[in-house]
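Please see the structure below; I have some questions.
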Amino acid sequence: MEPRFSCTACGKCCHGWLPLTLKDAVTHAGRFPLAMVWTPVRSNARSYELATRLGATVRLPNRKTVAVLIVPTAYLPTSHPCPELRDDGLCGIHEDKPSRCRTMPFYPYREEKDQADLLVPRKGWQCDTSSAAPVVYSGHAILDRTDFDRERADLLEQAPVIQRYAEYMLKYMPWIAGELAKLAAKPTGGNLATSLSSFLTATRRPDAAEIAAAQAPLFRVMAERTKDDPALREYHRNYSGWAKEMEGLARRDSRQSSPPSP
Ligand code: SF4
Ligand code: SF4
């Protein structure tokens with residue numbers, strides 16, 4: 001039977017991490033608290049070759065090589081809704097929502113032929129996959145590929161920037177390679193989150209101060225929201241630390257861009 005899928009706007013998938021393109025991350029810097037999420041992809045994985053093109057190839061301390069996806073991500077605990085999710089379950093920025101939300105349920109970090117299982121709703125999701133829903137995927141091909149192609153094209157275009165970031169981080173923070181090796185060795189894989197400020201510094205973005213000024217209050221709010229939950233200790237620590245980093249970056253860059261004092 002051909003897979004069918006329709007979104008009923010239940011809002012269930014609008015919780016937790018939301019992987020963004022770089023373009024979307026910058027556009028929505030005043031909306032989502034951002035982190036850079038690193039995910040090793042082993043050389044025997046189906047999406048390995050694609051991951052080497054969209055991410056970075058990293059030589060680990062154990063001399064093995066992995067591809068690593070490094071994704072700007074709206075960094076929210078699974079239990080927390082997207083800040084744009086309205087009480088009625090609809091998206092508050094529907095017309096302007098990120099590519100990731102538009103391409104759902106397809107995922108451009110996977111080859112097009114490997115998308116079928118993404119059409120099976122996760123536990124609790126209320127996606128319509130009944131015979132009343134339209135066929136969206138047939139013969140291992142996405143039928144309306146506009147959003148998928150746009151997101152994939154943005155990921156390919158940003159890949160050189162992501163690779164520069166990876167080189168910078170592995171040079172100045174070599175412990176990251178050790179962490180990636182540990183994650184790659186785990187049967188279930190895993191992720192490492194690094195700060196957006198490291199990305200802004202590494203890539204010397206001219207709009208770094210502006211982005212940092214937009215991010216700092218979001219981190220402050222999230223630090224406050226997570227402070228009493230022991231299960232979210234790591235989130236709380238990251239939000240608090242990253243808020244300070246962003247405030248520093250916003251101040252430093254605005255001083256640098258000001259004309260020198262007489
Ligand atoms: S931006 Fe809209 S569609 Fe995307 S996760 Fe948030 S509420 Fe959901
Ligand atoms: S879980 Fe499915 S039905 Fe609910 S908002 Fe997400 S895509 Fe739509």
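The values are calculated or read from the model by the stated rules, or taken from the named source; none is laboratory data. If you're wondering where the values come from, they're calculated on a predicted model, not measured in any experiment. Ideal geometry is used to build each Cβ from the backbone, glycine not excepted, and the neighbour counts take in all protein chains shown. All accessible areas refer to the heavy atoms of the entire protein, side chains included, with ligands and DNA or RNA removed. Shrake-Rupley method; radii C 1.70, N 1.55, O 1.52, S 1.80 Å.
Carbon and sulfur atoms: what percent of the 1.4 Å accessible area of the chain do they account for?
Carbon plus sulfur share of accessible area: 52 percent.
Shifting gears a bit: Looking only at Cβ-Cβ distances, which cysteines of the chain have no other cysteine closer than 4.7 Å?
Cys with no partner Cβ under 4.7 Å: CYS7, CYS10, CYS13, CYS91, CYS101, CYS127.
For region 41-148, place one equal point scatterer on every Cα, skip the solvent, and apply the Debye formula. What is log10 of I(q)/I(0) at q = 0.11, 0.16 Å⁻¹?
Each listed q corresponds, in turn, to -0.49, -0.97.
If the viscosity is 1.567 mPa s and the temperature 4 °C, what Stokes-Einstein diffusion coefficient in µm²/s follows for region 90-145 when Rh is the Kirkwood radius over Cα pairs?
102 µm²/s
With every protein chain kept in place and ligands, DNA and RNA left out, what is the accessible area per residue of region 32-116? Probe 1.4 Å, answer in Å².
It amounts to 46 Å² per residue over region 32-116.
Modelling each spin label as a point 7 Å along the Cα-to-Cβ direction, I'd like the ASP228/THR78 distance in nm, to one decimal.
Distance between the two pseudo-spin positions: 2.4 nm.
Moving to a separate point now. Once the piece of chain linking THR65 and ARG42 is laid out straight, how much longer is it, given 0.36 nm per residue of separation minus the C-alpha distance between them?
Taking THR65 through ARG42 to full extension adds about 7.5 nm, to one decimal.
Measuring from centroid to centroid over Cα atoms, what is the spacing of region 126-153 and region 57-117 in Å?
Cα centroid of region 126-153 versus Cα centroid of region 57-117: 17 Å apart.
I would also like to ask the following. On average, how much accessible surface per residue is there in region 145-230, in Å², for a 1.4 Å probe, leaving out ligands, DNA and RNA?
For region 145-230, the solvent-accessible area averages 53 Å² per residue.
Just the Cα atoms of the chain, one point each, no solvent: what log10 I(q)/I(0) does Debye give at q = 0.10, 0.13 Å⁻¹?
Per q value, in the given order, log10 I(q)/I(0) is -0.55, -0.93.
Using only the C-alpha atoms of region 107-240, find the volume of their convex hull and express it per residue in Å³.
Here the figure is 195 Å³ per residue.
To the nearest whole percent, what portion of all C-alpha pairs in region 163-243 is separated by more than 16 angstrom?
So the portion of pairs separated by more than 16 Å is 62 percent.
In addition: Would you mind checking the pairs LYS23/LYS244; LYS23/LYS97; LYS64/LYS182; LYS182/LYS227; LYS23/LYS123 and listing those with alpha carbons more than 19 angstrom apart?
Among LYS23/LYS244; LYS23/LYS97; LYS64/LYS182; LYS182/LYS227; LYS23/LYS123, the Cα-Cα distance tops 19 Å for LYS23/LYS244; LYS182/LYS227; LYS23/LYS123.
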